[in-house]
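Student: Quick one: the structure is below, and I'll ask about it shortly.
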Amino acid sequence: MTGSELMGIRIEPADAGVYAAAKRRWDTLAKPIDGLGTLEHLICRIAAIQKKEVPEIDKKAVIVMIADNGVVRENVTQTDDSVTAEVAALLSKKKSSLSNLLRGYPADIIPVDIGIRGEPVPGVLNRRVTSGTGNIAKEDAMTPAQCLQAIETGISLMDSCKEKGYGIIATGEMGIGNTTTSTAVLCALMGTDTADLTGRGAGLSDEQLEHKIRVISSALTFHGYTEALTGTPEEAFGILCELGGLDLAGLTGLFIGGAKNGIPVIVDGLISAAAALLAETIGPGCRDYMLASHAGREKGIMRVLKRLDLIPVIDADLALGEGTGAALLFPLLDMALSLYINGTRFDQTEIAQYERHET
């Protein structure tokens, strides 16, 4: 894929007519109007994405993009980057947090090595672009060619999911240091003060948090992101190359690929949300194909979701990563869809149908 090919991707909008038909179907069920709130909206959105009034989400997967980040050398994390490969190995052995969360639940886990340092991890899909990124405080994270390859990897994975009949995909990631890279990307992309967006990641102390803020500020200054940008696709791609990570680029590709293939893609935490905003900026219209799962603990996530006009369903102070928050949305959607498909209709009862009054 070339840069011009990436910028040339055009996303068709989700089907507004199908959304309206799904909303009317909800209103025929013997329950209060909008009784399931945002969950009803999400089922309508999935229907619009799939372009069918009764959507199918039986076949699910969480795709976990795994990569190392050179900024770890700036001591912005509690652990070193050996943890990335260790968690990747747990994912491959079905012993990670995500694996145990989904134990017995009908959803596949697809761990992807898109940039782990060291030897390939057995059982992890090897799509490695390079072994980790540069240190964003002192150099570009990736070359444009590497960034394009990582994005294309994500798009290709979604092409494969379409061929295999997946109805919905959740995004996950693993990579020590990636809240630092994601926050730097968001500060550049949104023109936001570093301290306003920087969170504690995997539990930094006050002193460590202040150091992380200084490192991100230094990286932004080094790369020349000291003023608000106009938000063009080219600017977003440049920010990703200079300040991002291979995991972040791969996730960006997943969101673009989901929109290209008509597959709803669930946003997880801050890193996933940063990739979602990158995807929407590079490929306007991708937002139509995104679902937000949870509010998250990291400071910037709600600001990003608001920018994307996405409403998270879960507010449980989540900060686990690996796509666990996105995966938690699966059973909620299953239950809502069960009511949508099987619910008793007003015309099957003696109850008069409620009328919708728009406000």
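Student: Please name all residue pairs, on different chains or six or more residues apart, with Cβ atoms under 6 Å, provided the first residue is in the range 268-294 and is on the phi > 0 side of the Ramachandran plot and touching a residue at least 40 places away in the same chain (Cβ under 8 Å) and the second residue is surrounded by fewer than 24 Cβ atoms within 10 Å (Cβ to Cβ) and among the β-branched types (Val, Ile, Thr).
Tutor: Gly285/Ile11
Student: Kindly evaluate Gly231 against the criterion of being surrounded by fewer than 24 Cβ atoms within 10 Å (Cβ to Cβ) and assigned to a loop (DSSP other than H, G, I, E, B).
Tutor: Yes; evaluated as a whole, the condition is true for this residue.
Student: Within the group Ala150, Ala141, which residue is touching a residue at least 12 places away in the same chain (Cβ under 8 Å), farther than 30 Å from Asp206 by Cα and small (Gly, Ala, Ser)?
Tutor: On the way: Ala141 fails: farther than 30 Å from Asp206 by Cα.
After applying the criteria, what remains is Ala150.
Student: Please verify whether the range 296-304 includes one or more residues that are touching a strand residue (DSSP E or B) at 6+ places or on another chain (Cβ under 7 Å), modelled with pLDDT of 95 or more and crowded, with 16+ Cβ neighbours inside 10 Å.
Tutor: No, that holds for no residue.
Conditions tested, residue by residue: (1) acidic (Asp, Glu); (2) touching a residue at least 24 places away in the same chain (Cβ under 8 Å); (3) touching an Asp or Glu at 6+ places or on another chain (Cβ under 9 Å); (4) more than 24 Å from Gly283 (Cβ to Cβ).
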site	(1), (2), (3), (4)
Glu163	yes, no, no, no
Glu173	yes, yes, yes, no
Gly177	no, yes, yes, yes
Asp193	yes, no, no, yes
Gly199	no, yes, yes, yes
Ile213	no, no, no, yes
Leu220	no, yes, no, yes
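Student: Tell me whether the range 114-133 contains one or more residues that are under 18 Å from Gly269 (Cα atoms), of a type in the set (Gly, Ala, Ser) and in a loop (DSSP other than H, G, I, E, B).
Tutor: no
Student: Looking for whichever is surrounded by fewer than 24 Cβ atoms within 10 Å (Cβ to Cβ) and at pLDDT 95 or above here; the options are Ile314, Ile256. Which one fits?
Tutor: Ile314
Student: For the range 309-333, give me the residue count where each residue is without any contact (Cβ under 8 Å) to a residue 60 or more places away in the chain and closer than 26 Å to Ile33 by Cβ.
Tutor: Of the residues in the range 309-333, 5 are without any contact (Cβ under 8 Å) to a residue 60 or more places away in the chain and closer than 26 Å to Ile33 by Cβ.
Student: Lys138 versus (1) in a loop (DSSP other than H, G, I, E, B); (2) at negative phi; (3) within 21 Å of the chain's Cα centre (by Cα): which is the lone unmet condition?
Tutor: Looking at each condition in turn, Lys138 falls short on (3).
Student: Quick one: which of Thr252, Thr232, Thr281 is touching a Gly at 6+ places or on another chain (Cβ under 7 Å), within 14 Å of Ala188 (Cα to Cα) and not basic (Lys, Arg)?
Tutor: Thr281
Student: Moving on. Take Leu189 and decide whether it is farther than 21 Å from His294 by Cα, under 16 Å from the mean Cα position of the chain (by Cα) and surrounded by 18 or more Cβ atoms within 10 Å (Cβ to Cβ).
Tutor: Spelling it out, it is not the case that Leu189 is farther than 21 Å from His294 by Cα, under 16 Å from the mean Cα position of the chain (by Cα) and surrounded by 18 or more Cβ atoms within 10 Å (Cβ to Cβ).
Student: Taking Gly104 as the residue in question, decide whether it is among the small types (Gly, Ala, Ser), touching a residue at least 12 places away in the same chain (Cβ under 8 Å) and part of a loop (DSSP other than H, G, I, E, B).
Tutor: No.
Student: Quick check on the range 245-304: of everything there that is of a type in the set (Asp, Glu) and more than 12 Å from the chain's Cα centre (by Cα), which residue is farthest from Thr153 (Cα to Cα)?
Tutor: Across the range 245-304, the extreme among qualifying residues is Glu298.
Student: Does at least one position in the range 144-152 carry a residue that is touching an Asp or Glu at 6+ places or on another chain (Cβ under 7 Å), surrounded by fewer than 24 Cβ atoms within 10 Å (Cβ to Cβ), aliphatic (A, V, I, L, M) and more than 20 Å from Ser272 (Cα to Cα)?
Tutor: Looking through the range 144-152, none of the residues is touching an Asp or Glu at 6+ places or on another chain (Cβ under 7 Å), surrounded by fewer than 24 Cβ atoms within 10 Å (Cβ to Cβ), aliphatic (A, V, I, L, M) and more than 20 Å from Ser272 (Cα to Cα).
Student: Of (1) buried (at least 17 other Cβ atoms within 10 Å of the Cβ); (2) more than 23 Å from Thr324 (Cβ to Cβ); (3) among the polar types (S, T, N, Q); (4) within 19 Å of the chain's Cα centre (by Cα), Thr171 satisfies all except one. Which?
Tutor: Of everything listed in (1) buried (at least 17 other Cβ atoms within 10 Å of the Cβ); (2) more than 23 Å from Thr324 (Cβ to Cβ); (3) among the polar types (S, T, N, Q); (4) within 19 Å of the chain's Cα centre (by Cα), Thr171 misses just condition (2).
Student: So, one more: Which pairs have Cβ atoms under 6 Å, sit 6 or more apart or on different chains, and link a residue in the range 334-359 that is surrounded by 10 or more Cβ atoms within 10 Å (Cβ to Cβ) to one that is part of a loop (DSSP other than H, G, I, E, B) and at pLDDT 95 or above?
Tutor: Taking only residues 6 or more apart or on different chains, the pairs are Ala336/Leu36; Thr344/Ala30; Phe346/Ala30; Thr349/Ala30; Ile351/Ala30; Tyr354/Ile33; Arg356/Ile33.
Student: Still on this structure: Can you name the helices (runs of 4 or more DSSP H) wholly within the range 1-89 that have at least 2 residues being out of contact with any strand residue (DSSP E or B) (no Cβ under 8 Å at 6 or more places or on another chain), modelled with pLDDT of 95 or more and surrounded by 14 or more Cβ atoms within 10 Å (Cβ to Cβ)? Full working, then the answer.
Tutor: Working: elements: 3-7, 16-28, 38-50.
In the range 1-89, 16-28, 38-50 are the helices (runs of 4 or more DSSP H) which contain 2 or more residues that are out of contact with any strand residue (DSSP E or B) (no Cβ under 8 Å at 6 or more places or on another chain), modelled with pLDDT of 95 or more and surrounded by 14 or more Cβ atoms within 10 Å (Cβ to Cβ).
The values are calculated or read from the model by the stated rules, or taken from the named source; none is laboratory data. Since we're looking at a predicted model, the values are computed, not measured. Every residue, glycine among them, receives a Cβ derived from its backbone with ideal geometry; neighbour counts consider all protein chains shown.
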